[in-house]
1. Longer than 27 Å from Cα to Cα, which of 114/163; 309/377; 31/263; 459/497 are they? Say none if no pair is.
2. State the extension gain, in nm to one decimal, for the chain segment bounded by residue 71 and residue 114, taking 0.36 nm per residue of separation less the distance between their alpha-carbons.
3. If you line up the long axis of helix 509-522 against the longest principal axis of the chain, both from Cα atoms, how many degrees apart are they, to the nearest 10?
4. Between region 441-517 and region 545-620, what is the C-alpha centre distance in whole Å?
5. On each of the three principal axes of the Cα atoms of the chain, give max minus min coordinate, whole Å, ordered largest first.
6. Can you give me the orientation-averaged projected area of the convex hull built on the Cα atoms of region 1-136, in nm²?
7. Write out the chymotrypsin sites (Phe, Trp or Tyr not before Pro) in region 290-332 meeting two conditions: DSSP loop, and at most 13 other Cβ atoms within 10 Å of their Cβ.
8. With a cut-off of at most 11 other beta carbons within 10 Å, and DSSP calling the residue loop, which trypsin sites (Lys or Arg not before Pro) in region 149-178 qualify? Please list them.
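The values are calculated or read from the model by the stated rules, or taken from the named source; none is laboratory data. Because the structure is predicted, anything quoted here is derived from the model rather than measured. Don't worry about glycine lacking a Cβ; one is built from the backbone with ideal geometry, like all the others, and counts go over all protein chains shown. Calculation scope for accessible area: heavy atoms of the full protein, side chains included, ligands and nucleic acids excluded. Shrake-Rupley method; radii C 1.70, N 1.55, O 1.52, S 1.80 Å.
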Amino acid sequence: MSSLNPEQLEAVVTLDRPLLVLSGAGTGKTKTLTSKIAYISENGYAFPSQILAVTFSNRAAREMKERLFRLTNGADGVWLGTFHSICARMLRRHAELVGISRDFTILDADDQMKAIKQILKESNIDKRMANGVYSKISRWKDKGLTPADRGVDAISIEGRIYKIYQQRIRGYDSVDFGDLLLYMIEIFKKNADVLQEYREKFKYILVDEYQDTNMAQYIWLRMLCPLGRGICCVGDDDQAIYSWRGAEVGNILRFEQDFPNAKIVRLERNYRSTGHILGAAASLISKNAKRLGKTVWTEDDQGEKIVAKHVYNGFEEAKYVAEEVESLRRKGVSYKEIAVLVRAGFQTREFEDRFMAYGLPYKVVGGLKFYDRQEIKDVVAYMRLIHQPNDGLAFERIINVPKRGIGATATARFRELAVEKSISMYQASKEALKIGALRPSLSSALGEFIDFIESVRAKENLRPAEIAKIILDETGYLAALNREQTLEAEGRIENLKELVAGLEDFDDLPTFIEHVGLVSDSTKDSSREEISVMTLHSAKGLEFDAVFLVGWEEGIFPHSLSLREENVEEERRLAYVGLTRARKYAFISYARNRKVYNQWQANSPSRFLSELSKECVSLR
């Protein structure tokens with residue numbers, strides 16, 4: 001208790017009314033939460049088994065458990081875990097009330113996709129809609145909606161598949177992650193005795209990252225604790241950045257309306273960043289209208305000002321970042337304490353290429369390196385086969401991409417023929433076509449594929465960017481992604497457009513293919529100390545000595561989609577999250593010209609730049 005600051009102590013000892021702890025970035029929320037659990041347990045306000053602590057990730061749950069055991073030995077019985085793990089534990093006890101056994105299986109994303117694709121096939125609906133259907137069903141479940149609820153469009157394809165999907169997996173005695181909450185809400189609604197049992201059981205309920213709760217999680221919590229007795233929610237409305245995956249920032253903003261007797265404690269003392277970084281972040285986030293309000297401060301030094309650098313284009317930006325990284329190394333900052341934060345995944349390519357050229361070790365956090373992504377490897381495989389038809393691995397990768405009915409059986413036949421005649425698989429496929437060894441539909445699909453490869457090979461003067469465009473258009477690869485209409489597909493399309501833009505730097509196919517090989521090879525022996533390259537969303541919860549915030553231009557950040565949807569406040573929260581990852585150094589860069597999807601754009605500097613406190617920023 002003596003190590004807590006006054007606001008943390010107030011949050012820990014407040015037990016008599018609903019409590020919202022507004023915890024700014026780097027203000028010690030986990031320490032406060034674990035101290036509160038220990039305080040309740042050690043002072044006899046409740047047995048550990050009467051405390052429910054809900055987190056958003058397994059990593060956060062593990063960290064809280066480790067801290068609790070350092071504080072007290074009596075916390076072993078606390079119900080501590082993610083929303084899903086807690087609901088799974090409850091559902092195992094009451095599964096028969098929703099018509100499933102206690103030994104139900106929890107499906108992962110792959111299993112869900114298989115079930116959806118199976119239903120689409122049976123319904124004579126294009127399986128390429130699977131990603132869109134999966135996303136829609138997931139969003140409905142995030143909102144707490146079953147197939148019978150009004151909010152579900154029952155006559156749409158997604159609505160019809162949702163109903164069949166639920167029946168199908170129930171028949172498998174299985175549930176998905178969304179069902180864990182949905183079924184417990186259903187049980188609570190229909191079984192007052194079960195609901196009352198849990199209301200009486202949990203004297204104290206603590207919720208981490210409350211700003212990230214979706215509607216289903218909110219409903220579940222409100223049912224458990226309708227009057228707010230013993231509830232303590234910890235979160236930061238200024239870091240609510242996940243609306244795209246169902247989070248409702250309104251849940252934290254209306255806390256006082258939900259619980260009229262509520263108390264709000266603000267944790268504002270930051271233990272991470274310098275004064276200039278916090279000053280800039282505070283001035284930026286103050287421009288948001290929908291917030292409860294707080295100002296994060298520090299007793300530490302002001303530190304160095306944030307550097308805002310205006311560059312000519314994206315190439316110069318990557319070069320500037322690489323040179324500043326080398327400068328930081330000379331100051332003693334290790335690679336692992338440096339991060340480059342981008343708004344969208346496609347932006348990483350230029351930095352990856354530049355870091356490789358400078359010999360700087362790096363890793364892409366929360367995702368694959370640019371040239372390791374599925375869609376990029378697919379297009380590169382086409383280019384490899386066009387350049388060198390004997391490339392058997394490239395042939396096997398794309399012979400049925402996108403789907404053209406040439407499955408594993410046919411591919412195995414080509415492989416056997418290649419071994420038998422000592423020829424490449426591509427030549428074997430041509431031979432199989434020539435001798436009529438395939439059924440008509442397969443022959444037709446294979447013939448079209450071979451004709452495509454041969455036609456591109458015949459155009460000797462095509463530049464790599466032109467070849468990539470032809471591949472994306474004429475194979476139907478891009479069209480298939482467009483039909484999916486999901487966020488994942490949009491991201492993959494962005495990556496492909498960035499690939500085409502990057503290919504403009506190469507005059508011929510052999511040079512590009514060698515470049516990709518070198519990039520892939522450079523990742524194998526990289527040291528453990530690596531620069532972290534990641535999206536702003538992936539950076540939440542992390543911290544580094546030095547952070548590079550790149551691409552601060554209108555249309556890039558804030559993202560053009562957010563401008564169309566009038567969701568600039570969430571983009572500003574994302575900028576706030578990015579800034580507050582930095583302990584000592586923060587660099588912001590913006591380009592006068594940028595090639596986006598192979599088209600030059602002259603974007604204005606991001607509005608967020610003008611919202612930073614001028615006293616905290618040094619312009620270059």
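1. Listed pairs above 27 Å: 309/377.
2. That pair, residue 71 and residue 114, stretches by 11.0 nm at full extension.
3. Once rounded, one gets 40 degrees.
4. That distance is 31 Å.
5. Reported extents, whole Å, longest axis first: 83, 64, 43.
6. 12.1 nm²
7. Sparse-neighbourhood loop chymotrypsin sites (Phe, Trp or Tyr not before Pro): 312.
8. For trypsin sites (Lys or Arg not before Pro) across region 149-178 that sit outside H, G, I, E and B with at most 11 neighbouring Cβ atoms in 10 Å, the list reads 150.
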